[in-house]
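The values are calculated or read from the model by the stated rules, or taken from the named source; none is laboratory data. Being a predicted model, the structure only gives us computed values, none of them experimental. Note: ideal-geometry Cβ built from the backbone for every residue, glycine included; neighbour counts use all protein chains shown. Note: accessible area is taken over every heavy atom of the protein model, side chains too, but ligands, DNA and RNA are not part of it. Shrake-Rupley method; radii C 1.70, N 1.55, O 1.52, S 1.80 Å.
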Amino acid sequence: MKTPLLILLLLVSLIGNTQPPAPDYIPADHTSIKIQPILHGTLMLEWNGEVIYADPYGGASRFENLPAPSMILITDIHGDHLNPETLLAIKTEKATFVVPQAVADQLPKEITSKVIVMKNGESRKVNDILITAVPMYNLPESADSRHTKGRGNGYVINLGGKNIYLSGDTEDITEMRALKDIDVAFVCMNLPYTMDIDQAASAVLEFKPAVVYPFHYRGQAGLNDVEGFKKLVSEGSDQIEVRLRNWYSE
């Protein structure tokens, strides 16, 4: 029988387990791209000395063992994307922020890093990395939807000749289906905020990324069926690798 102290230590270890899963690596020019899932829609990309955080969220403890960012991408204004508590707790002094205008308007005043505002359809080099801001929005389009067209950005980032797509919070929109030459895609799927797995799988089968990660898959009813998503994609194409990772260690 376990002693009370051992039981207490076990509970503490489980409660405090915020360690992310092991990173993945994608071959690219100069060096591989390190992909580190963190939480929900939050991840880190590391390549050739650049460290990119996407939508840092979840508190400082999730970033303790990661290198400080040189760039931070934020997709939208909601708290699981623009998270002031996390931003103020991590090291952002040397980071360039790439954000839509709605996010720039709400960044904490303590953020003194360089801020670059991008709008849907705009491309520019940041830290010598080509970034394109792409639409993300709900359907049908309406002024009172959770994600209105033009407010937030998805992003396509070119690292070492590889195009990496971050969907942001989007539904099955024509702009996503029209994407070309995507090597790695991070695609959301959580009703009622974004898509269900059928919409997400259908879109992925049309724009055909080489690798797709389902992420941002916790909704009002809990975690979405990412195994079901993988099955739909795999049945539709043997050319798309679906990578399932644990984005929810809390």
Next item on the list: With a/c under 1.5 counting as rounded, go ahead and sort segment 199-239 into rounded, prolate or oblate using the C-alpha gyration tensor (a ≥ b ≥ c being the square roots of the eigenvalues; past the cut-off, prolate if a/b is larger than b/c, else oblate).
Entry: prolate
Check: Expressed as a whole number of Å, what is the distance separating the alpha-carbon centroids of segment 211-250 and segment 163-189?
Finding: 14 Å
Next item on the list: Order the following by accessible area, largest value first: Lys180, Lys208. Probe radius 1.4 Å; ligands, DNA and RNA are ignored.
Entry: Lys180, Lys208
Item checked: lysines whose Cα lies under 26 Å from that of Lys114, excluding same-chain neighbours fewer than 8 positions away -> Lys34, Lys91, Lys94, Lys125, Lys149, Lys162
Notebook entry, point to check: At each listed q (0.11 Å⁻¹), what is the log10 of I(q)/I(0) that the Debye formula gives for the chain modelled as equal alpha-carbon point scatterers?
Noted result: -0.56
Checklist line | Residue-normalised accessible area of segment 116-249, given per residue in Å² at a 1.4 Å probe | finding: 42 Å²
Notebook entry, point to check: If you project the alpha carbons of segment 146-204 onto the principal axes, what extent comes out on each, in Å, largest first?
Noted result: 35, 25, 17
Item checked: Two-decimal log10 I(q)/I(0) for segment 179-250, as the Debye equation yields it once each C-alpha is a single scatterer, q = 0.18 Å⁻¹ -> -0.62
Check: Taking every DSSP beta bridge that has both residues in the chain, what percent is antiparallel when rounded to the nearest 5?
Finding: 60 percent
Note to self: Using alpha carbons only, how many angstrom separate the centre of segment 15-94 from the centre of segment 106-139?
What the structure shows: 16 Å
Next item on the list: Compute the distribution of all C-alpha to C-alpha distances in segment 121-250, in bins of 5 Å from 0, and list the percent of pairs in each, rounded to whole numbers.
Entry: 2, 11, 21, 23, 20, 14, 7, 2, 0
Item checked: Along each principal axis, Cα extent of segment 62-177, largest first, Å -> 39, 34, 23
Next item on the list: Using a 1.4 Å probe over the heavy atoms of the protein chains, calculate the carbon and sulfur portion of the accessible area of segment 99-155 as a whole percent.
Entry: 48 percent
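Under 13 Å from the Cβ of Val117, count the other residues' Cβ atoms, weight Lys and Arg +1, Asp and Glu -1, and hand me the total. Please list the in-between numbers first.
On the way: positive: Lys114, Lys119, Arg124, Arg151; negative: Asp105, Glu122.
Once positives and negatives cancel, what remains is +2.
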